[in-house]
Amino acid sequence: MAHSARRDSPELPDLSLLKRLVRDQLIYLLEQLPGKKDLFIDSDLMSPLDRIANVSTLKQHEVDKLYKVEHKPIVSISDQYVLLLVTGGPLICFLIRPRIQTVKWICDVVNADKAVGKFRRYKIIFTPQKFYACEAVLEEQGVFGDVTTDEWAFYLLPLDEDIISLELPEFFRDNFLAGDQRWVRTAGSALHLLHSLFGPFSKVYGIGRCSKMTYESWREQVEQGEQKARHAEIGNVFLIDRDVDFVTPLCSQVVYEGLVDDIFRIKCGCVEFGPEVTSSDKSIKVMLNSQDKVFNEIRNEHFSNVFGFLSQKARNLQTAYDKRRGMDIQQMKTFVSEELKGLKQEHRLLSLHISASESIMKKKTKQDFQELLKTEHCLLEGFEIRECISFIEEHINRQISMIESLRLLCLLSVTENGLLPKDFKSLKAQYLQSYGADHLLTFSNLRQLGLLVEQQPGETLTVMESKVGKLVNDRAAVKLTDAFSSLAKKSHFRALSKKLNLIPKSEEDYDLRVPRDMAYIFSGAYIPLSCKIIEQVLERDGWTGLEEVTRLINGHEFAVTGADPKSKSDARRIILVMFLGGCTFSEISALRFLGKEKGYKFIVVTTAITNSSRLLEALLDNNI
Amino acid sequence: MSTHLHLVLVVLHGVQHVDQLVEQSQNRDGIDWTLTKLLQVEGSRTRGLLLALRVQVQVQVRGICGDHQVLVLMRLGGHHIDGGTSGPDNWTRTQNQNRLTATGLTSAAPQRVKLSLSTLSLELSLSTTPRGEGVVTMETGQEREPVSANEVIWKENGSFPPIVFELELQSPEENRPARLCYRTPASSCGSVLVRRQNRLLCADPDLIILLSMAFITANWNPLGDAFYRKTELYEMFWSLRDGLRDSLVAAAPYGGPIALLREPLRRSPSTRPQLEIYSASGVSIASFPVRTRVQHTTCPRVTSLFPSPVLPVFQWKSGPVVHLGWSVNDELLCVQEDGTVLIYDLFGSFKRHFSMGQEVVQSQVLEAKVFHSPYGTGVAIVTGSSRFTLATNIEDLKLRRLPEVPGLQGWPSCWAVLTQDRQTKVLVSSGPELYVLDNTSCTAVYPPGLSPQAGSIVHMSVSFSYKYLALFTETGRLWTGLSNLQERLSEVDTKQAATPKQMVWCRRPRSQQPSVVLMWDRLLLVVGSCNDSIQFPLEDQSVLVGELDGVRVIGSSSQELLQEVPLVCQDIFKIASMAPGALLLEAHREYEKSSQKADEYLREIKEQNVLGDAVRQCVEAAAHEYDPDTQKALMRAASFGKCFLTEFSPDQFVTTCRELRVLNAVRESSVGMPLTHTQYPALMTLQVLIDRLVYRQFYPLAIEVCRYLKIPDYQGVSRVLKHWASCKVQQKDLTDEAIARAVCAKVGDSPGVSYSDIAAKAYECGRPELAIKLLDFEARSGEQVPLLLKMKRSQLALSKAVESGDTDLVYTVVTYLKNDMNRGDFFMTLRNQPVALSLYRQFCKLQEPQTLKDLFNQDDDHQELGNFYVTSSYRDKRLEGRLAQLQSAVDEYNKAKNDFAAKVKVSPVHQVCPPGVDGL
């Protein structure tokens, strides 16, 4: 990044400790089960597990075969699972998330075994914890005595040196949509783990209901456990709910890492580039983290800068290669042994990122990306809403993308604080006709979450309306109502954005090369609300002066000063931000930028990395 | 170099007017007689000469001195030493021991001991009354002055040499002994010391040491190579009308409680025997049956035996009791004649009962014994049909009927329970024969080396550790040996024809001279294996309790501990001992006096390079002493010696200090647990000690002990508080509010105290309101839930569970409610708890879709119902089914006034099928 970092940035604590801890625990659990065993792993645990312990480690601990848990019913004896199980060893170990569905599947497996009279030992390892409901299912299905259970406290997966993920994508849906708070304790335990390793925290801030509950759960665990006096490595903690800020994840990401995630989907810190990028038949899996030098430099850059940077990099590389000329043998020798490998590596990555960028460019220009961005920016600023609505209608009717359309609808609703009833009806009808009536339930979910709502006519304006209605005739009243409704469009988001200056003044040109503020991650159009709140709270050391904001967000904010005997001044500037419900790469980039500006270092803990597609996919309800 | 002479006169209970005495003693100022001067002998290194007159049941005059001291003694003795009736001829010298002992004194008759020192003669006339009060007459010179029973008068010419008088006197106001010590101005700080009610009115620290030192050896009695001492533990608090006569007495070892059943054999229904429980110091804990428990019938059997319940309180109303005993958990076992064993706790509340077998009801129990084994507490009985039955562990009751003893009819002459090779056996003497009974067989055995003319065995005793056995034959011979009857230790002729009332082993770990204590009506005999013996006269009925390291002698007015003097104490206190510890003690004493002799003694120890040993000896000896003043003197000496040592680990010193403070605290007569330092670590770990304190409801003391020993809170203070609170909630006379407040104030938020446990206790006692109040204090709402469920406060439980934020807990409650309530109520309850409701919905979605439907129906949530039908239509595989489901959805949407959804649905249903149906 062109911007120079402040010199005194504190050192980040070593997060790989988390990995080692978890690996040791897994190995311990496996060693508790002597003999050869087959391991069934929940499909979404596969990649996280891969980051912790690879196959050879598992094999070392007598794991014979690895299977993926798939929720296919066991119908007959000829079914492939039964076949697998018949051939499998006498000990079967399941490594799963505590989900009722999976447990039910295991029950079916056990019962099928019992039916054919096969005796086997079953072990279920729940991660990160087991739920009573799961045990209840085991009991209900009559296999409680046949299986033994254990817990693998795999709470935190460090994705990068400043990103930790809980890898719980269902947290968002379960907690915010279904109101099921089962994961809150998990989040609390994760925080507790961080606290016991890197604490004690000197200050904890938070906003949102779930944050508050997480904080309380953590507090409780701290009180129950024994306290040790340690050197604090993390000073402050900020907890934030996803539902505080839905706008940010709904926007298109234009920072390189976010774009890669939007287009190629980064999974557990790892992206799979398809043939169109690799320009061969095979697809390549690439780890995207700070180890990758090229990526590390461009990940936080606005996409428009990436090409320039990459070509500069290519030129540098060429110069480095060119050094070979005119070297004597000895110099050549050192060059080959020391530099060449690095250069080659860099070369490979560079070409990969260049082709990825090309691929991104292709996709983005094809669908009139600029138009889309413009609409988004208009929505954020609240200009020309009519045009935006027509754009969205067109988007829907052309069936460009089911998720994209939904995203725009939601963005419209969130920024406008709900759609006018007639807009709502027409847009919804068009959407259903375009993408299928089964999205009816999706709409119901979105409404429940407040992502896509209808403005209740006269909810806030009834009094005024009735007064006015008496004075003028009906026709005029309709117009007036419209006018009032547009008044009401001064929505929460509008108010918030005004209060916090989220939209930079558009008159001046925004130089994306030398960003002034966090808005650069959205091409200078919008400062992410979540990051802005964090900035403000850290600046003010609390919520004083932000009362209006918290009222608009709907409260549950807190700031607690913890026991702080002798934390290093460095630690005070390391801030743990925990997103409950997921965060986007753009937000992480924005925080990194903020850190550089203010001399902080942020460590982002999130329940999962999210983006607009993941967010909305979690809310779809057309699964058959 | 230096010589000290301590002359101590002890006068018991003779004087009533303290003032008068003080006056008198003040009058005595101006006497210039120093025996110290007299005894200074050039070139000798005599540490001390001690003349002790102890007036109690036994009078003994003894002087012990080293070789060079004999000169001094000779000089004294050369003039005249008279031992009263025993006469000078009875002063004997045992070989190797420079010791003079006056023996042959018997207690019953008044004794006269006469000492003549050159021109001066001191004569004591001692008489003992049955209660042991002594009257003292002192005569000096040729004059003789009679004294009355209530005062002591002494007269002396200018050369009478009392250095120290100690007078124990009975002050008329309080019934407590006060002490008056008198010291002549001859010593450096002569003063009057009056100790009353343990308060020093006029103290002279030197004097206290002097006194206690003097007493230490005063009650030592030689037995073979060792000494035995009898230390008074307590003056018993109880006042028993008839002493211990006609009573069944059971006292638990390790300073445990004492149970007393009066006149157990009286059977007339009008006056039943009384059962009382006392602490070891005689403080009454409970009288039986306790007043409040009268309404509760103790057990059905008992009431059927004695159908009329209108019995006066404080009386035993069950069947005749044969034997009393204490279990290891401080429970009282009462073995009745019909074989029923009733178990009571320390406070006399009935706990449970069990029977020793049906056949016993007919044949009756003749004798019973309660014994302790590694497996717990056991009971053994012999029935009227001369059969033995054993229960090795009363906690896990398994009755074992032992095989018949050949030729045994009626009472066996004596028997004992042995634990050997992880088996419990009974050793029984039947006429001239001795048998060992185990599970299957009855084997005749012969004690090795028992002289053939000894006759049949009439009494036997097994040691505390079950390792040794003592047999007493009808001819008065005492055989001791290993309990496996493989080896004989000794055989002694006691010259006593009568069968002893009690016979107990008296030994300590690493005992030099184990002995057996035999008790007859008026005599206590300590017989060692070296043919030596000590006789103590007994004034009244006493009971012997075998301990790990001695024997407790419980009398009606006092309790004493008879034990072998530990080697280290011998080394230090033996007169003329040159052990490093003894020298160190002397050095410190001189140091306190600011005398340069301290350095000489110290130098001497250091020359031998044994200062470390000296310190260790002092510390160790302090641990074994019972008197705090002696302990202090020894510890001070040790601390003094420690200063001259580098690299000496203070651990032993510090631990001993701590342990002694704790032990002294529990020995306090109000607490009444006379534990010795040997017993303390042996079986009484700290945890057990605290448990015992807690069990006896000495909560403040227990907390102090925990704090003092810095036991982590959750193991120590918190545990005590928990017990206290559990006990507190049972107090019926206080209101719920008051108790809750008291508990909260005390317990606060001590770590590890769970309010829910206390609340559970309150609930058990039938105080649900109090339980709920207490639960409010519980910080962790998760802990409140199980109890609330138990109390059927399910609504409250649910809201607490939700509050805790623990979804598992919420789910537990929900599951419980689901099974417990009818469906309607259940749904209504959930409705008020959105968190629980959504949790349950999630569960239903996956497990019980029908319930989910009911749930929505209940709430009239038509929108959700519509959604539900749509979702379930996906699952239906048949087209007709799907259509029906979707139609229901339309109906529901209509009801929900969601026209939009209804219409959207209607049109596509008929035209395009929902996705997934296409394949059908």
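Throughout, read-outs are computed from the coordinates displayed, never taken from laboratory work. In this text, all values refer to a predicted model and were calculated from it rather than measured experimentally. We place every Cβ from the backbone using ideal geometry, glycine too, and count neighbours over all the protein chains shown.
Peptide B:357-364 has a mean of 0 when you count, residue by residue, the C-beta atoms of other protein chains within 10 Å of its C-beta. Charging the Cβ of each Asp and Glu at -1 and of each Lys and Arg at +1, and nothing else, the dipole of chain A about its Cα centre rounds to 700 debye.
For chain A, adding -39500 (n - 2.57) for each run of n ≥ 4 DSSP H residues and dividing by the number of residues yields -15500 deg cm²/dmol at 222 nm. Residue order for A:R386, A:R182, fewest other beta carbons within 10 angstrom first, comes to A:R386, A:R182.
Rg to Rh for the stretch A:15-154: what is it, with Cα atoms only and Rh by Kirkwood?
On the Cα set of the stretch A:15-154, Rg over Rh gives 0.95.
Under the convention that each Lys and Arg Cβ holds +1 and each Asp and Glu Cβ holds -1, the size of the dipole of the stretch A:287-366 around its Cα centre is about 320 debye.
When you count, for each residue, the other Cβ atoms within 10 Å and take the mean per peptide, how do A:300-308, B:487-495 rank with the highest first?
The most tightly packed comes first, giving A:300-308, B:487-495.
Restricting the calculation to Cα atoms, every distinct pair contributes to the Kirkwood radius of the stretch B:539-603, found to be 14.4 Å. In plain terms, the bigger the Kirkwood radius, the slower the diffusion; for the stretch A:274-410, with that radius from Cα pairs, at 25 °C and 0.890 mPa s, Stokes-Einstein puts D at 134 µm²/s.
Percentage of Cα-Cα pair distances in the stretch A:114-236 greater than 17 Å, rounded to whole percent? The answer is 67 percent, as a whole percent. Put simply, when A:525-536, B:387-398 are sorted by average Cβ atoms within 10 angstrom per residue, most first, you get A:525-536, B:387-398. For the stretch B:586-642, the equivalent ellipsoid derived from the alpha-carbon gyration tensor has semi-axes of 19, 14, 6 Å in decreasing order. Around A:R97, under 12 Å between beta carbons, what's the net of Lys plus Arg minus Asp minus Glu among the other residues? Here the count lands on -3. Checking every one of the trypsin sites (Lys or Arg not before Pro) in the stretch B:637-694 against DSSP loop status and a limit of 13 other Cβ atoms within 10 Å picks out no site at all. Within chain A, antiparallel bridges make up roughly 25 percent of the DSSP beta bridges whose residues both belong there. Determine the shape class of the stretch A:368-453: with a ≥ b ≥ c the square roots of the Cα gyration tensor eigenvalues, call it rounded for a/c under 1.5, and otherwise prolate if a/b is greater than b/c, oblate otherwise. Verdict is oblate for the stretch A:368-453. The modelled label-to-label distance for the pair A:Q399/B:S595, using points 7 Å beyond Cα in the direction of Cβ, is 11.8 nm. Residues B:M356, A:M332 in ascending order of nearby Cβ atoms (within 10 Å, fewest first): A:M332, B:M356. Residues in the stretch B:691-698 carry Karplus couplings, in order, of 4, 5, 4, 5, 4, 8, 6, 8 Hz; the curve used is 6.51 cos²θ - 1.76 cosθ + 1.60 with θ = phi - 60°, and Gly or Pro positions show x. Of the trypsin sites (Lys or Arg not before Pro) in the stretch B:743-822, the ones in a loop by DSSP (not H, G, I, E or B) with at most 11 other beta carbons within 10 Å are B:K792. Remark: mean inter-chain Cβ contacts per residue of A:131-137 equal 5, using a 10 Å Cβ-Cβ cutoff to other protein chain atoms.
May I ask for log10 I(q)/I(0) of the stretch B:520-643 at q = 0.15, 0.16, 0.21, 0.23 Å⁻¹, from a Debye sum over the Cα atoms as equal point scatterers with solvent left out? Results for the stretch B:520-643 at q = 0.15, 0.16, 0.21, 0.23 Å⁻¹ read -0.76, -0.81, -1.08, -1.22. Summing +1 for each Lys or Arg and -1 for each Asp or Glu among the other residues whose beta-carbon sits under 13 angstrom from that of B:I703 gives +3. Stretching the chain fully between A:S390 and A:D14 yields a gain of 130.3 nm (0.36 nm per residue, less the alpha carbon separation).
Shown for B:T630, A:T415, A:T584: other C-beta atoms within 10 Å of each C-beta, ranked fewest to most, produce the order B:T630, A:T415, A:T584.
Sorted on the mean count of surrounding Cβ atoms within 10 Å across their residues, most packed first, peptides B:327-333, B:578-584 read B:578-584, B:327-333.
D for chain A, whole µm²/s, Stokes-Einstein with Kirkwood Rh over alpha-carbon pairs at 4 °C and 1.567 mPa s: what number?
It diffuses with D of about 48 µm²/s by this estimate.
So how far apart, in nm, are the two label points at B:F354 and B:M828 if each is 7 Å from Cα heading toward Cβ? Placing both labels 7 Å along Cα→Cβ, they lie 5.1 nm apart.
For the stretch B:750-794, GluC sites (Glu not before Pro) are listed when DSSP marks them as loop and at most 13 other Cβ atoms sit within 10 Å of their Cβ; the list is empty.
Once the convex hull of all Cα atoms in the stretch B:464-589 is built, its volume per residue stands at 131 Å³.
For the residues of A:430-443, the average number of beta carbons from a partner chain within 10 Å of their own beta carbon is 4.
Checked against a 24 Å cut-off, the cross-linked pairs A:K104/A:K212; A:K267/A:K374; A:K374/A:K498 give Cα-Cα distances beyond that limit for A:K104/A:K212; A:K267/A:K374.
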